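Contents: one structure, followed by commentary.
All of the numbers you see were taken from the coordinates with simple rules; none came from a lab. Everything numeric here is computed off the predicted structure, so don't read it as measured data. Virtual Cβ from ideal backbone geometry, glycine too; neighbours counted across all protein chains shown.
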Amino acid sequence: MINRTITEGGDDFDADTQFALSWFDEQGWSEGEFGKADVLARAKGTSVIGVADAGVLETGAGKVRLLKWSQYPNDWSPERDNHTPVWEALHQLTRILNQYGESAAGSLIAKMPERSEAIRQLGYRLYTLCERKGWAEDARAYNELIGAWSAIVVASLEVGHKGEQMGLDQFGE
C-alpha cells in the first residue's frame, strides 16, 4: 500500500484500474509486451488475464493493448457486469457521452452512483496525464467528460439512482 500511495498519488482505485492507469502512462494505447504487463499487473495485485476478462484490455500473440473508449461494446450494462473496474466504467461513460449525450450518460451514472466520484477522479487524473504527455485527442475526451460532469449528475438525479427512493408518497401527503 505504501508503494501504491507513492507511485499512484494515493488514489484508492481498484487493482485493475491501477494497472490500466500505469500501463496507459507507459504505453498509451500502443501494444506492449505481455511479460512487461504481467510484471506490472502482479505489482498492482491483479493479472493480465483478469484485466482482459474485465473488458479493458486485449491480449494475444504475446502482446497487450488497452481498449480506447470508442472500442468498448455498445451493449454493456453495469447491472450485468460482475467485474467493473473504475477504468471500464469511465470509458463506457465517455463512450456514451460522445455517442448519445449528457442525458444518456446521466442514465448510466444512475445505474452505478457508488462509482460516480471515483469515475470523476479518474477522469481528472487521465486528463492531466494526457495533457502532460501532449496527447491532445485523448485529453479532449476526458476534458469533455469533466466539463459535462454537472449536467451528467443532474441527468442522473432526474432518472433516479439505483436503489434510491424517488418520492415521499408513502407518507400520504
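What the table shows:
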{"quantity": "Equivalent-ellipsoid semi-axes of the chain, from the Cα gyration tensor, Å, largest first", "calculated": "30, 17, 16"}
{"quantity": "Between 0 and 90°, nearest 10: helix 15-27 axis offset from the chain longest Cα axis", "calculated": "50"}
{"quantity": "Hits among lysines - C-alpha to C-alpha of K111 under 26 Å, sequence gap 8 or more where chains match", "calculated": "K68, K162"}
{"quantity": "Contour minus Cα-Cα distance for S30 and E114 (0.36 nm per residue)", "calculated": "27.1 nm"}
{"quantity": "Least to most buried among V159, V64, V48 (fewest other Cβ within 10 Å first)", "calculated": "V159, V48, V64"}
{"quantity": "Among A52, W76, L40 the positive-end extreme of the charge dipole of the chain (Cβ point charges)", "calculated": "L40"}
{"quantity": "Average projected area [Cα convex hull, region 76-139], square nanometres", "calculated": "4.4"}
{"quantity": "Whole-angstrom gap from region 14-83 to region 126-162, using each part's C-alpha centre", "calculated": "20"}
{"quantity": "The chain: calculated mean residue ellipticity at 222 nm from DSSP helix runs of at least 4, using -39500 (n - 2.57)", "calculated": "-19000 deg cm²/dmol"}
{"quantity": "Net lengthening on full extension, S47/Q99 (0.36 nm per residue, minus Cα-Cα)", "calculated": "15.6 nm"}
